[in-house]
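Structure first, commentary second.
Coordinate-derived values only; no laboratory data. Being a predicted model, the structure only gives us computed values, none of them experimental. Here the Cβ is made from the backbone with ideal geometry for all residues, glycine too, and neighbour counts use every protein chain on show.
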Amino acid sequence: MLSAATLPTDAEVWQALHAVTDPEYPLSIVDLGMVYGVRVDGTVASVEITFTSIGCPAIDMIVSDIREAILAVPGVREVRLEIVWSPPWTKHRITDRGRRILAVYGVVA
């Protein structure tokens, strides 16, 4: 059994999510504002996410990447993902860091 000192934290899961990128844009799903919340309870990481559109063709790939990234966090044994559509994603959810990265690629957000 893991001790409290070795249990995963919300911050570690957030950090792992920074490594998951959207295939259409050169930045993380966190910087795109697609992650609505993270909660770790013991060895279970729960994440609320959305997508830039309901018809996003990369949903399955991104979900798989999210699971893989979170399961790589030491102590995480289970990942629970909840896809939410409310509130809907808008470009206003993109972080300042995300806007700077997109600007380098010539994308105005």
How about the stretch 25-57: which of its residues are of a type outside the set (A, V, I, L, M, F, W, C) and touching a helix residue (DSSP H, G or I) at 6+ places or on another chain (Cβ under 8 Å)?
Tyr25, Pro26, Ser28, Asp31, Gly33, Arg39
For the stretch 14-25, indicate whether the set of residues that are exposed (fewer than 15 other Cβ atoms within 10 Å of the Cβ) and at positive phi is non-empty.
no
Flagged in the stretch 64-82 as over 14 Å from Val38 (Cβ atoms), surrounded by 15 or more Cβ atoms within 10 Å (Cβ to Cβ) and within 16 Å of the chain's Cα centre (by Cα), in numbering order, are Asp65
Looking only at strands (runs of 3 or more DSSP E) that fall completely inside the stretch 2-92, which ones have 1 or more residues that are under 28 Å from Val104 (Cα atoms) and in contact (Cβ under 8 Å) with a residue 40 or more places away in the chain?
35-41
Within the stretch 93-109, restricting attention to residues that are over 13 Å from Val30 (Cα atoms) and not β-branched (Val, Ile, Thr), which residue is surrounded by the fewest Cβ atoms within 10 Å (Cβ to Cβ)?
Gly106
